[in-house]
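Before any comments, here is the structure.
The values are calculated or read from the model by the stated rules, or taken from the named source; none is laboratory data. Owing to the predicted nature of the structure, the values given are computational and were not obtained by experimental measurement. So basically every Cβ, Gly included, is an ideal-geometry build from the backbone, and we count neighbours across all protein chains shown. Protein only, heavy atoms only, side chains kept; ligands, DNA and RNA dropped before computing areas. Shrake-Rupley method; radii C 1.70, N 1.55, O 1.52, S 1.80 Å.
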Amino acid sequence: MLGGILLPTSLSLPRIRLLYYFCLLCLISSNRLLAGTGAIMDSGEYSPKSNGECSEKINEVSPVKCAFAIFDADFFNDTKIAEIEQGATELNIPISRANRKLVASVNGGLHDPSYLVFNPEGGNEQVQSKTKRFSCPSLSGIQRPEGEEDIAFMTVLELGELIKTKQITSEELTRIFLHRLKRYNLVLEAVVTYTEELAYKQAKEADEMLARGIYLGPLHGIPYGLKDIISVPQYKTTWGSKTFKDQVLDIEASVYKKLMSAGAVLVAKLATGSLAYDDIWFGGRTRNPWNIEEYSTGSSSGPAASTSAGMVPFAIGSETCGSITYPAARCGVTALRPTFGAVGRTGVMSISESLDKIGPFCRSAADCTIILDAILGKDPDDPSSKDISLDDPFSVDITNLTVGYLDDAEMEVVRILESKGVKMVPFKLNYTVSHVQGILNFTMDVDMLAHFDEWQRSGEDDFYEAQDQWPVELRRARVIPAVDYVQAQRARGKLIREIRESFTVDAFIGNATDWEKVCLGNLVGMPVLIIPTGFTKISSPPPDGSRRRSTITTGIYAPPNHDHIALALAMAYQSVTEHHRQRPPIDDLGPNDFIVDSIPTPDYLSSQTIPCLEGSVPSGSAVTM
């Protein structure tokens, strides 16, 4: 996983690296061809000098000319090289230093956003402002269960009905979920910081408002968690990295403010892979509740694992490329990666301003709809955000839809939707761009380096938790020329146009974690809803059997600004299935696993950052990049 990117787990790390390097070596030439720049030599071919050839001639030609080979630009003669050196020294370097001093002295991209704003519609579609809220359904007859375990696995809509009818208070719910967070975190390592004092304050306010007859809606008094790249004043926002593990940002993230306005109660900051890469963070490595011998993948590892384990009713994560889709699929929860720009990102650590998205992890598609309704809309401090006029997902007539299914779609979903009157047709996306991953790598790595320029220059990347991840990526990004970054964006535009022309259905069903579709979907900015569709036995179970399972999921994809269609289809599927209501076996793990029935409350279980809890779980076996 890198910055929200997860490579296929079937590839070994050396083969992944070879594939990645090959992608980057091929990318510049293919971008030029796509953008119409044509050949770069009179012969119509370009053959860069090998490193050996360059070394042999180091005393005969300018060393700078040899260095230009890594930019795929060693076609200048010595006179031109001398001009370049002089111009760079006199003009480029002073300008670059002045710009860094102005906007790059603070890491994380929290200030001074880029005004080169990405538009997934390609400028051809006018987005209308959302005019009204979704029509949240009323769930009459919901009764409070006797056991706290049953309460913990109720949906947001069900819990909201219990609060609205005063069968439970927000303070009671907050206590239940804080207890579960502290208990299961010893195994899952999914919590960075408990916001206990804030949670009880917000819960008390929610209860007092309800007592006065003020009801804010279905999120009134509902506990939740935030991925720890999202800032909340007075609490640490660590970005999962030991470099920033004591960082407190006096910034109220836009998504946090919107949830607070809806009456939701923040109970924890949840684990993110370090600087939003994979599931490794400074306090441990987050595990999958369905099988604690494997990791949750990243980088929204904490939100996915905590929602799956009933530690929170819902959580907010983010995706640059894979950070919602992969952990949601691994942990068996329902999650939405919304249309790019649908949710504002002020106060959120930035990787790529044209790729980053905020989305919910929930028990059901209906809950995702409720959360999206609360956090959707223009953020005045995020130039990429916008008001999107979505139809009400609860009111969509799915019998009017034509939905495609790819070769890798889960056919149970296809059959059920067809039985509900949806026109289902075989489908394939057609596009000519052959290096989707390379375009994404150029975009993400250069953008990330712009946000962490000071981190690299100061040598802080030497202390990063996994040296073969961001440090390597960002060093390589240092030598991507600006012109080739722009060519990558032109190639991205060609991809967007081709996908728009090929999208001849209202939505399509397909594998949510197929690497090509993950890269493509994020470059295009299209929404996808990840839904659990079943479970299989783990490979090599112990002789006496195991309740651990591997999850089966699928994705429902829609065009940008049509999230409501994916949500409506998922709600229709989940209305007649129970996969999303299954509970992971974290209380019945097996004879060699450890879980305690009651946890004392030492100092570190207060509103503080959690240290690594070693020795509480067996060594993991499923490592992903």
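Data table
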{"read-out": "Those residues of segment 415-430 which are closer than 17 Å to TYR557 by Cβ, open to solvent by less than 40 Å² (accessible area, probe 1.4 Å) and not in a helix (DSSP H, G or I), in sequence order", "value": "VAL422, MET424, VAL425, PHE427, LEU429"}
{"read-out": "Residues being surrounded by fewer than 24 Cβ atoms within 10 Å (Cβ to Cβ), assigned to a loop (DSSP other than H, G, I, E, B) and of a type outside the set (Gly, Ala, Ser) - total across segment 208-231", "value": "5"}
{"read-out": "Unmet requirement for LEU198, which otherwise passes all of (1) open to solvent by 10 Å² or more (accessible area, probe 1.4 Å); (2) at pLDDT 95 or above; (3) of a type in the set (A, V, I, L, M); (4) under 19 Å from THR307 (Cβ atoms)", "value": "(4)"}
{"read-out": "Segment 474-525, residues that are touching a residue at least 12 places away in the same chain (Cβ under 8 Å), part of a helix (DSSP H, G or I), out of contact with any Ser or Thr (no Cβ under 7 Å at 6 or more places or on another chain) and of a type in the set (Gly, Ala, Ser)", "value": "ALA477, ALA491, GLY493, SER502, GLY521"}
{"read-out": "Residue in segment 385-406 that is part of a loop (DSSP other than H, G, I, E, B), of a type in the set (S, T, N, Q) and open to solvent by less than 10 Å² (accessible area, probe 1.4 Å) present", "value": "yes"}
{"read-out": "Pairs, first small (Gly, Ala, Ser) in segment 135-147, second open to solvent by less than 50 Å² (accessible area, probe 1.4 Å) and in a loop (DSSP other than H, G, I, E, B), C-beta under 6 Å, six or more apart", "value": "SER135/ASP392"}
{"read-out": "Residue in segment 447-473 that is least open to solvent (accessible area, probe 1.4 Å), counting only those that are under 21 Å from VAL103 (Cβ atoms) and part of a loop (DSSP other than H, G, I, E, B)", "value": "PHE452"}
